Amino acid sequence: MKRLALVILSLALAWAFAQPARCAEPVGVLRVLFLGHDSPHHNSNVYEPLLANALENDGIKFDYFTKTDCLSPDTLQHYDAVMLYANHGRITPEQFEALNSFVQSGHGFLPIHCASACFGHEPRFASLVGGRFKSHKTGVFKPVILTPNHPVFEGVKEYETWDETYVHSDINANNRELLMERRDEGHVEPWTWTRTEGKGRVFYTASGHDERTWKDQQFQRMLRNAIIWSVGDERKVSWEKSRATPKP
């Protein structure tokens, strides 16, 4: 029996240490669940570390997942925000309800670029994001900032990179503030926006196909600001106060 107990204890400890460190962070750290995927197309395995390294000194920490089963109440309770950058085809009703409840209760959701093409069978997801990917071409362009005084653009200049020229459908303008447009040969496309959903906040941008955008410092700064904005004013204040308090 003692040997069996030791085996069980060893397995439990091994499982515990294998999980992302989610509970030990102080209030001066914003914890983000980054849901990517295992694919060289929209290579989240490369771009998540780029962003995580860029924002580490700002007290923004990421835990990286590639499977949608992380969208559960037990996992989400440890995070301030969820960032989605992936091509996932399906989400279960339980997973959507967990994500939606997470946002409704006052947390942040940041679908980036291809995230607007995820979960095509779930219209409520497109409504939560504020729109759905429809089609694209490619090119070098500079999205136009419409709201330079929005917190998302603090210290951010308009950035020009090669990217996919997304066109969207299923636009949900309810509780939406349009932040950027792509203007191309007479066509004006909503490009970056925020939404409120219950007590929560949603940020979406169509930018971000590959490293040419993910390495851009203006893009990184925009995502930094968007994370801080998305967690809400109360959480932002506690984060700022904790970071400003001298450490013993």
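The values are calculated or read from the model by the stated rules, or taken from the named source; none is laboratory data. Source: prediction; values computed, not measured. We place every Cβ from the backbone using ideal geometry, glycine too, and count neighbours over all the protein chains shown.
Structure notes:
- Test: THR196 is buried (at least 20 other Cβ atoms within 10 Å of the Cβ) and among the β-branched types (Val, Ile, Thr): no
- Checking each residue in region 75-89 for being among the aliphatic types (A, V, I, L, M) and buried (at least 22 other Cβ atoms within 10 Å of the Cβ) picks out ALA81, VAL82, MET83, LEU84, ALA86.
- Within the option set SER116, SER135, being under 28 Å from SER169 (Cβ atoms) and part of a helix (DSSP H, G or I) holds for one residue only, SER116.
- Of the helices (runs of 4 or more DSSP H) entirely within region 139-248, those holding at least 3 residues that are free of Cβ contacts under 8 Å to residues at least 12 places away in the same chain occupy 233-244.
- Single residue of region 22-74 satisfying the filter (of a type in the set (Asp, Glu) and out of contact with any helix residue (DSSP H, G or I) (no Cβ under 8 Å at 6 or more places or on another chain)) that is surrounded by the most Cβ atoms within 10 Å (Cβ to Cβ): GLU48
- For ALA21, the criteria (1) in a loop (DSSP other than H, G, I, E, B); (2) at pLDDT 95 or above hold in every case but one, which is (2).
- Condition check for ILE91: within 15 Å of PHE109 (Cβ to Cβ) and at pLDDT 95 or above: yes
- Filter result for the condition that a residue is modelled with pLDDT of 95 or more, over 14 Å from the mean Cα position of the chain (by Cα) and not polar (S, T, N, Q), over ALA81, ALA98: ALA98
- Only residues that are surrounded by 17 or more Cβ atoms within 10 Å (Cβ to Cβ) and either more than 13 Å from the chain's Cα centre (by Cα) or polar (S, T, N, Q) (or both) were counted across region 220-234, and they come to 5.
- Subset of region 25-58 [assigned to a loop (DSSP other than H, G, I, E, B) and over 22 Å from VAL103 (Cβ atoms)]: PRO26, GLY28, ASP38, SER39, PRO40, HIS41, HIS42, ASN43
- Annotation note: of PRO190, PRO148, the sole residue that is surrounded by fewer than 18 Cβ atoms within 10 Å (Cβ to Cβ), of a type outside the set (A, V, I, L, M) and either within 24 Å of GLN217 (Cα to Cα) or in contact with a helix residue (DSSP H, G or I) (Cβ under 8 Å, 6 or more places away or on another chain) (or both) is PRO148.
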